[in-house]
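K.L.:
Pasting a structure below so you can have a look.
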Amino acid sequence: MKRPAALLFDLDGTLVDSAPDLGGAANDMLQARGREPLPLDALRPHGGSGARGMIGAAFGLAPGDAGYEVLRDEFLRVYEGRLLRHTALFDEVDALVAGLAAAGLPFGIVTNKAVRLAAPLADGLGLRPPAAVLIGGDSTPHAKPHPAPLWAACAALGVAAADCVYVGDDPRDMRAAAAAGMPGWAAAWGYLGVAEPVQAWGAQAVIETPAALLKRLALA
């Protein structure tokens, strides 16, 4: 395959395993209300949906439901206070980033996480640099699955969308890539959600591990 000019990555569930702190924030809220915490395995699949996923799993509320916004705002405050307590890069991501750098292949991060949370997370885990750009959920007027964030990252990198690949662990990532006119590769090591199997997302490739991604790019 022709090597892309740049790679774009989702953050949570793709580069970073933030489920322990996302789930921890939800459990902090449950315990503050005298309720039993949920096992991390029950919360992890919802990690890619951030506050929406955690509140849905812990409290059974969705956007538009009464009381959801209050819980969302509380969740974001609690989560910001423990942003890097247990969060870490996924296994092999260090080697993936090093391999991209050694090949001179630039990459960026495109996430629906607000920049005030995404930037210190990426910085604290040593992803910025080398990531050349970080686009958050509030960096453009529309969040994923709208293509605007991916286009903004391409513009910052100075490459055409068709010459990039977007790697993510959620169906919205694949829809955003398709709308932006770039290949979407599914990160099968990520959270993957609960709605539909990864093979049904319409991804142009399903990548099992970060090491397998390097091999697909002929960098390992």
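The values are calculated or read from the model by the stated rules, or taken from the named source; none is laboratory data. Nothing here was measured: the structure is a model prediction, and the numbers come from that model. Ideal geometry is used to build each Cβ from the backbone, glycine not excepted, and the neighbour counts take in all protein chains shown. Surface accessibility is based on the protein's heavy atoms, side chains included, excluding ligands, DNA and RNA. Shrake-Rupley method; radii C 1.70, N 1.55, O 1.52, S 1.80 Å.
K.L.:
Can you confirm whether segment 30-38 contains a residue that is open to solvent by 20 Å² or more (accessible area, probe 1.4 Å), basic (Lys, Arg) and touching an Asp or Glu at 6+ places or on another chain (Cβ under 9 Å)? Step through it out loud before you land on a result.
P.N.:
At the first step, the residues of segment 30-38 found to be open to solvent by 20 Å² or more (accessible area, probe 1.4 Å) are 31-38.
Then keep just the ones that are basic (Lys, Arg); that gives 33, 35.
Among the residues that remain, those that are also touching an Asp or Glu at 6+ places or on another chain (Cβ under 9 Å) are: none.
No; the residues of segment 30-38 include none that is open to solvent by 20 Å² or more (accessible area, probe 1.4 Å), basic (Lys, Arg) and touching an Asp or Glu at 6+ places or on another chain (Cβ under 9 Å).
K.L.:
Is it fair to say ASP21 is crowded, with 16+ Cβ neighbours inside 10 Å, in contact with a Lys or Arg (Cβ under 8 Å, 6 or more places away or on another chain) and farther than 30 Å from ALA212 by Cα?
P.N.:
On the way: crowded, with 16+ Cβ neighbours inside 10 Å: yes; in contact with a Lys or Arg (Cβ under 8 Å, 6 or more places away or on another chain): yes; farther than 30 Å from ALA212 by Cα: no.
Judged against the criteria, ASP21 is not a match.
K.L.:
Can you run down the residue pairs with Cβ atoms below 6 Å, 6 or more apart or on separate chains, where the first is in segment 22-39 and aliphatic (A, V, I, L, M) and the partner is surrounded by 12 or more Cβ atoms within 10 Å (Cβ to Cβ) and in a loop (DSSP other than H, G, I, E, B)?
P.N.:
LEU30/PRO37
K.L.:
Now for a separate question. Output yes when any residue across segment 99-109 is open to solvent by less than 70 Å² (accessible area, probe 1.4 Å), in a helix (DSSP H, G or I) and either farther than 30 Å from ALA220 by Cα or not hydrophobic (A, V, I, L, M, F, W, C) (or both), and no when none is.
P.N.:
Of segment 99-109, the ones open to solvent by less than 70 Å² (accessible area, probe 1.4 Å) are 99-101, 103-109.
Restricting the remaining residues to those that are in a helix (DSSP H, G or I) gives 99-101, 103.
Still in the list and also either farther than 30 Å from ALA220 by Cα or not hydrophobic (A, V, I, L, M, F, W, C) (or both): 99.
The answer is yes, given that some residue of segment 99-109 is open to solvent by less than 70 Å² (accessible area, probe 1.4 Å), in a helix (DSSP H, G or I) and either farther than 30 Å from ALA220 by Cα or not hydrophobic (A, V, I, L, M, F, W, C) (or both).
For every residue, the table says whether it meets (1) out of contact with any strand residue (DSSP E or B) (no Cβ under 8 Å at 6 or more places or on another chain); (2) at pLDDT 95 or above; (3) open to solvent by 60 Å² or more (accessible area, probe 1.4 Å); (4) farther than 27 Å from GLU92 by Cα.
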site	(1), (2), (3), (4)
LEU125	no, yes, no, no
ARG128	no, no, yes, no
ALA131	no, yes, no, no
ILE135	no, yes, no, no
SER139	yes, yes, no, yes
HIS142	yes, yes, yes, yes
LEU150	no, yes, no, no
VAL159	no, yes, no, no
TYR166	no, yes, no, no
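K.L.:
What number of residues in segment 161-203 are farther than 19 Å from GLY48 by Cα, within 18 Å of the chain's Cα centre (by Cα) and in a loop (DSSP other than H, G, I, E, B)?
P.N.:
Going through segment 161-203 one residue at a time, the tally reaches 2.
K.L.:
Taking VAL93 as the residue in question, decide whether it is within 26 Å of TRP201 (Cβ to Cβ) and in contact with a Pro (Cβ under 7 Å, 6 or more places away or on another chain).
P.N.:
Working: within 26 Å of TRP201 (Cβ to Cβ): yes; in contact with a Pro (Cβ under 7 Å, 6 or more places away or on another chain): yes.
So VAL93 passes the test.
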